[in-house]
Amino acid sequence: MSRKALIALPVFNEESHVVEVLTEVSKYAEDILVVDDGSSDQTPERLEAITGIKVISHPQNRGYGAALKSAFDYAIDHLDKYDVLVTIDCDGQHEPALLPDLVMQMRKSFESEPLDILSGSRYLKSFSSDSIPPEERRQINVAVTQRINDQLGFQITDAFCGLKAYRIESLSKFKITDMGYAMPLQLWVQAAAHEMKILEFPVPLVYLEEERSFGGSLDDAIKRKAYYDEVLDREMQASGLTCCTTESCNDHADSYNE
């Protein structure tokens, strides 16, 4: 019996998008997992009314990284059933119609050199429907992506896109401890440490909520960039990779100007 692809959506207070997004995702998904990260609006009630999905609920809001970790753990626990995990955000900024192509490309790679991660990129190709990203978020993304490439040897173009496909056999190699928005940075460092095979997949650049809060002090762009650098430093040290010097970290922080 062939295994399926699992489509996972981290959700927090998405009452205005969740029904529409899941209705569209269901057109292209084999199985759907929703991780409700302690929503306090009408999201839980909306989810209860949707049939054919699996829901994991966090009693309290734990963070974007925590929601993805729950999806990883679920996929690993059901390895006999699934071969590919695709994560897609529930804010309407990713196109569910891309899901079959992501899954197909992952499975095609299994025939020769298996991909570990097929990562969406909003900067790999231009689309006529592209939005203009908020400038400070674009600048942070550029700076962090450049640092990852310089220090980890990758050639990626988008460090933060939430639309990704994973080979489930590879997920157990990740040790996720950052429960917030810096969690993807842990993935890049650990993927480099494990010499994983990674490719990018072009996706449209769509921003529907430009004023999204990152929570507390992280809404300040300079503090958010400094935190991302801190996570990268800590993770590279933990993974036994060369960490940047304090001087070079300061250079990266100065360049913040996702």
Open item on the list: Can you go through Val189, Val144 and tell me which one is more than 21 Å from Asp89 (Cβ to Cβ), under 17 Å from the mean Cα position of the chain (by Cα) and among the aliphatic types (A, V, I, L, M)?
Closed with: Val189
Task: Number of positions in the stretch 124-163 that are crowded, with 20+ Cβ neighbours inside 10 Å and among the hydroxyl-bearing types (Ser, Thr, Tyr) - done: 1
Open item on the list: Condition first: open to solvent by 20 Å² or more (accessible area, probe 1.4 Å), charged (D, E, K, R) and closer than 13 Å to Val11 by Cβ. Now tell me which residues in the stretch 26-47 satisfy that.
Closed with: Asp41, Glu45, Arg46
Open item on the list: Tell me yes or no: at least one residue of the stretch 169-176 is more than 25 Å from Lys4 (Cα to Cα), of a type outside the set (D, E, K, R), over 15 Å from the mean Cα position of the chain (by Cα) and modelled with pLDDT of 95 or more.
Closed with: no
Task: Selected residue (criterion: farthest from Ala67 (Cα to Cα)) from residues of the stretch 1-14 that are part of a strand (DSSP E or B) and of a type outside the set (Val, Ile, Thr) - done: Lys4
- [ ] Kindly provide the set of residues from the stretch 112-137 that are in a loop (DSSP other than H, G, I, E, B) and among the polar types (S, T, N, Q), ordered by number.
- [x] Ser112, Ser126, Ser128, Ser129, Ser131
TODO: Return yes or no: is Ile140 part of a helix (DSSP H, G or I), within 27 Å of Ile222 (Cβ to Cβ) and out of contact with any Pro (no Cβ under 8 Å at 6 or more places or on another chain)?
DONE: yes
Task: Residues located in the stretch 66-98, provided they are open to solvent by less than 10 Å² (accessible area, probe 1.4 Å) and touching a His at 6+ places or on another chain (Cβ under 8 Å) - done: Ala66, Ala67, Ile88, Cys90
Task: Failed item, numbered, when Arg62 is tested on (1) over 19 Å from Phe12 (Cα atoms); (2) open to solvent by 40 Å² or more (accessible area, probe 1.4 Å) - done: (1)
TODO: Would you tally the residues in the stretch 99-119 being at pLDDT below 95 and open to solvent by less than 50 Å² (accessible area, probe 1.4 Å)?
DONE: 0
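The values are calculated or read from the model by the stated rules, or taken from the named source; none is laboratory data. Given the structure is predicted, the values throughout are model-derived calculations rather than measurements. Every residue, glycine among them, receives a Cβ derived from its backbone with ideal geometry; neighbour counts consider all protein chains shown. Keep in mind that these areas ignore ligands, DNA and RNA; they rest on the heavy atoms of the full protein, side chains included. Shrake-Rupley method; radii C 1.70, N 1.55, O 1.52, S 1.80 Å.
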